Every structure is written in structure tokens, then in C-alpha cells.
Amino acid sequence: MIQINDIIAQLEQLHQGAKEAIATVESLEKLEDLRINYLGKKGQVSKILGTMGKLSPEERPKVGAIANTIKQGIQTNLDKKRSNLQAIQIAAQLKSETLDVSMPGVYRSQGKIHPLNGLIDRALDIFVGLGYTISTGPEMENDYYNFEALNTPPDHPARDMQDTFYLSDGNLMRTHTSSVQIRYMEKHEPPIRVIAPGRVYRRDTVDATHAAVFHQIELLAVDEGLRFSDLKGTIKEFLRQMFGDLPIRFRPSYFPFTEPSAEVDLEWNGKWLEVLGCGMVDPNVLQEVGYDPEKYTGFAAGFGVERFAMVLHQIDDIRRVYASDLRFLQQF
């Protein structure tokens, strides 16, 4: 016959064995196995308590109380061990994932400024330093802003100088950024000093020195009493900052929107290079935008960014700057 003392002894022995097993377990998975083994529905505690049916009604509560105490003790040991194992696991993970800030980072090559963008930025910095404001306009223009307002009526032979991309809706792709100057003057009263960078389009045959799409920077100043000498001084200072203190010369030329007009040459490596065109703003242009040509005078100048880049960077073919060849671009 089952004796109460035998059941109590079994429970105490089970409790001691559980303590020792829990103390030596080394993983959370095995700890969970121990919990099931001791406290599960079919665990060892349940098996021992299953024999309580053979005890008298007076003995069962006593054994039940002891069994609950032992179960709580085992659960407490399980919880403490679980916390310890989790802490050890976290510490091991942190050690393995520790970031050593003294180690060099993974190198990733940085992008570089395209030679054209770099030259545009450099030119704009110079003119902003001279008191000019940057202005931009649409690349798709109409005939009025691109030609007519710039003293180039429909039958004017100067239109042949700029072979134009016309669109089916009657608009066109601007052939110069001078159209920006007209738009700016329509909205601002003199005195003005504005610089207009941007992409322009012409039906040129693409070769080593020509492109159908290229970049221009044009400047415009309008004020009372401006003279050609002011234009010369501005251009000389710009070229000095861009190329250095080199000889320059002004040659008479023709543009429909300036009078008088001139081409500017720079002596570079012993040769004269044409670098930009300029002139005093034609009175017809000033009158077209509502300025009084008897009161105001102005000067304008413009140059191709690609031409400057080819000179400064000694590029032999303009097409290289559009080819996206990293071997070429990484030189800058």
C-alpha cells in the first residue's frame, strides 16, 4: 500500500534532482525540455501526484500542499536559469556583433562634378562676385523671345547664322540663352545685372568641336550711362579670373541684338583663341521690352561652356564630355 511518506520522499527527491539538472543545463532549448519533463502534464510531478488516489482523504491535502511548494520551487529555478541563459546569449551576441569604430569603413568611390558643371559653377561664382543675378528660362521657346524681340525679324538674314530646331506646334528649341534676358527685362526695371546659364540647341553637324546640344552662359547689364569701356572691363576681369592674366583682344563683329558688336580672343599657348562674343545692347531691343533707349544703355556677352572646357582641360574632342566614359570623367 502506498504510504504518504513514500510520496513525500519521492517529491523531495524529484525536487533535488530538478535543482541539479537545472543548474547544469547550458541552453534555453534544453531548459525547456526540463520544464516539460518535470512540470508538464505528463511530467514527473504529475506522475507522482497520480498516486495520491491511494491515500486517505486526510492525507491528500498535505501531499498536495507539499507538491505545490515543490512545483513553485522548480518553476522559480527554471525562471532564474532562463534569465541567466538569456543574459549569456545576449552578451555573446553583442560581443560577436560589436562595431569597432577604429576600423576603417568600407570604401565607396564618391561621385565627382562633371567638367561642364564645374566650369558653369566657376563662371557663375565669378559673375555673382561682380554683382550679377542668376536667371534661367525655358528651353522650348517661341519665335518672339528667341528672335523677334532680339531684333531678328522673320526675314532677317541673321536667322541663317543659327540653324534652328522647329517643333510641330510652332515653337522651337532655343538657340541661345538671350531669350532669358528678354524675359528678365520684361519683369524688372533697370538697373539690372543678370547672368543666364543654360542648354541650347542648334542643327550643327556633330564633330570634334561642334554639338547639336551644348551650354551657353550670357550676361546682360542695363543702366544709365553704361559704355563699351564698362563691357571691356567686365570681360577682362572675368577672363582674368577664369584663365589668368593673359593678353586679350576685341575684334569688330556682328550680332543682330548688339551694336557695336565684337568678338573677344584670348592668347592661349601662343595662339589667339576666340572665346566669346559681346556688344552694346541694340536700342531696338531695349525699346521692345519697354526701356527708354534715350535714358538707358546696356551691354551683353555670351560664350559656350564646352569651348571653355576644351581649352581649360585640354580636351581634344567635345564629344568626350557627353560619352559618360568613367575613364575620361575620373580625370576631373
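Miscellaneous remarks
- Only one of E259, E263, E218 that is part of a strand (DSSP E or B), under 16 Å from T136 (Cβ atoms), touching a Gly at 6+ places or on another chain (Cβ under 7 Å) and touching a residue at least 12 places away in the same chain (Cβ under 8 Å): E218
- Test: L116 is at pLDDT 85 or above, among the aliphatic types (A, V, I, L, M) and surrounded by 13 or more Cβ atoms within 10 Å (Cβ to Cβ): yes
- Looking only at region 12-41, and only at residues there that are over 60 Å from the mean Cα position of the chain (by Cα) and outside any helix (DSSP H, G or I), the one that is surrounded by the fewest Cβ atoms within 10 Å (Cβ to Cβ): K41
- Among the residues of region 302-321, just one is out of contact with any helix residue (DSSP H, G or I) (no Cβ under 9 Å at 6 or more places or on another chain) and either part of a helix (DSSP H, G or I) or among the hydroxyl-bearing types (S, T, Y) (or both), namely R319.
- Count - residues of region 72-94 that are surrounded by 12 or more Cβ atoms within 10 Å (Cβ to Cβ), modelled with pLDDT under 85 and farther than 17 Å from D33 by Cβ: 1
- Here V275 meets each of (1) at pLDDT 95 or above; (2) closer than 22 Å to D204 by Cα with one exception, condition (1).
- Criterion violated by N142 - all others in (1) surrounded by fewer than 14 Cβ atoms within 10 Å (Cβ to Cβ); (2) of a type outside the set (A, V, I, L, M, F, W, C); (3) farther than 17 Å from A300 by Cα satisfied: (1)
- Being touching a strand residue (DSSP E or B) at 6+ places or on another chain (Cβ under 7 Å), modelled with pLDDT under 90, closer than 30 Å to E288 by Cα and among the hydroxyl-bearing types (S, T, Y) is a condition met by at least one residue of region 146-164.
- Listed here are the helices (runs of 4 or more DSSP H) enclosed by region 100-193 that have at least 3 residues being farther than 18 Å from V281 by Cβ: 115-129.
- Filter pass, Y166 being in contact with a Leu (Cβ under 9 Å, 6 or more places away or on another chain), in contact (Cβ under 8 Å) with a residue 12 or more places away in the chain and assigned by TED's automatic domain parsing to the domain that holds P256: no
The values are calculated or read from the model by the stated rules, or taken from the named source; none is laboratory data. Remember, it's a predicted structure, so these values are computed and weren't measured experimentally. As a convention, Cβ positions derive from the backbone with ideal geometry for all residues, glycine included, and neighbour counts pool all protein chains shown.
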